[in-house]
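The block underneath contains the structure these notes are about, expressed in structure tokens.
Every number in this text was worked out from the coordinates using simple rules, so none of it is lab data. For clarity, every value in this text was computed on a predicted model and none was experimentally measured. Quick reminder, even Gly has a Cβ in these numbers, built from the backbone with ideal geometry, and neighbours come from all protein chains shown.
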Ligand SMILES: C=CC1=C(C)c2cc3[nH]c(cc4nc(cc5[nH]c(cc1n2)c(C)c5CCC(=O)O)C(CCC(=O)O)=C4C)c(C)c3C=C
Ligand SMILES: [Fe+2]
């Protein structure tokens with residue numbers, strides 16, 4: 001008989017175990033880890049970030065590195081923040097059901113955390129597993145949990161709500177649909193396989209039981225690993241190389257900008273439970289592709305300030321060359337226009353404000369107005385939205401050339417607590433202290 005603790009593809013490995021300091025894992029899996037580490041280096045090029053990979057392939061199934069690459073659920077930080085962009089994504093927000101309070105919310109987060117640890121390791125989702133992910137390895141699945149502003153009122157924890165969850169300011173270009181915005185709880189699911197991602201999504205939905213109801217769901221995608229000759233920064237649905245100037249985990253101030261510190265002002269008092277956590281701003285940004293695609297190439301490049309072919313600044317060099325913001329052309333005009341998106345959003349133009357952008361593209365067919373309903377599920381991560389998303393969006397709202405081609409249609413801000421240690425669940429430090 002196969003136990004739930006076993007990997008979907010790991011049934012022959014039962015007797016070949018070795019201690020890894022965190023419990024027992026299969027010897028073949030340990031060997032596989034070394035192989036997957038090579039793949040980690042490849043994957044990092046897509047989004048930057050670190051993920052510890054544990055492979056789960058057995059010789060019987062000979063998974064390639066895409067399927068066998070796994071991301072651990074337990075750790076100081078939640079997965080899905082610095083994990084390289086995955087090919088598939090689901091964003092889903094829940095509201096606690098009437099009558100569900102702190103006790104029920106704690107039980108739900110405990111259930112979800114257990115479930116996430118299982119499916120991220122490539123194991124079944126418990127009794128009644130749907131079988132959708134049978135045959136597949138973990139495929140870089142990540143499940144990330146966040147708490148919305150209203151969660152704290154529903155659970156009588158208003159006094160512990162961090163100031164960073166104050167509502168985002170209204171922006172003049174907002175066209176937000178409240179039904180597709182906010183939510184008590186938020187779950188981000190990413191994987192490099194569509195079936196593995198869907199399997200986790202359904203398991204999360206079913207495990208919500210009577211405690212929480214789906215408020216909204218959005219489905220997205222990115223380029224699949226291996227689709228390009230070598231690992232490259234991904235493109236968005238406007239065709240631009242998008243993600244070049246993201247903060248890198250190797251930057252000296254990366255942790256300070258993206259994660260709430262364990263010590264210092266931000267970690268004191270009522271929000272100490274957020275140590276190691278981060279704040280996610282989620283925006284559904286529709287792209288007005290019919291208008292964008294009519295714009296000639298040089299016009300498109302001026303909107304961003306970078307070449308479309310390779311993402312290099314219009315001032316020359318390659319993708320990673322810094323923008324020469326002061327450079328003028330023979331006509332005396334700035335080569336990177338004053339309203340170019342890359343100029344306006346740069347940290348230098350925003351008092352150093354920075355965020356880690358980790359989006360998914362979306363395509364939901366044709367909208368009621370007959371135009372394509374596609375764009376960017378913009379997800380950005382920061383230690384404090386007032387030093388990340390807010391100042392940058394304020395600036396973009398006032399004079400970004402890209403504004404004519406996009407529409408912000410939904411919005412959410414979520415506190416994403418630090419990772420759960422073994423035996424712990426996400427949010428436990430808030431809910432049980
Ligand atoms: C408030 C934050 C931002 C929103 C909203 C946003 C929307 C958005 N961006 C693109 C395409 C590109 N953005 C690029 C760079 C870039 N964008 C932001 C912020 C927001 N973008 C930042 C902070 C940066 C980096 C600026 C820098 O440091 O140079 C680029 C250039 C390549 C890159 O660095 O990633 C593109 C292309 C779209 C299509 C979009 C909404 C749909
Ligand atoms: Fe941008």
First measure r as the distance between the Cβ atoms of residue 166 and residue 320, then evaluate 1/(1 + (r/R0)^6) with R0 = 25 Å and state the FRET efficiency to the nearest 0.05.
0.10
I'd like the distance between the alpha-carbon centres of segment 223-237 and segment 147-177, rounded to an integer number of Å.
35
Can you compute the modelled spin-label distance between residue 114 and residue 398, with each label point 7 Å from Cα toward Cβ, in nm?
5.2
Rounded to one decimal in nm, the spacing of the 7 Å Cα→Cβ label points at residue 228 and residue 253 is 2.7
Full extension between residue 202 and residue 107 adds, at 0.36 nm per residue less the Cα distance, a length in nm of 32.4 nm
Could you tell me the calculated FRET efficiency between residue 421 and residue 327, based on Cβ-Cβ distance and R0 = 51 angstrom, to the nearest 0.05?
0.55
Percent of C-alpha pairs per 5 Å bin, segment 286-412, short to long
2, 10, 16, 22, 21, 16, 8, 4, 1, 0
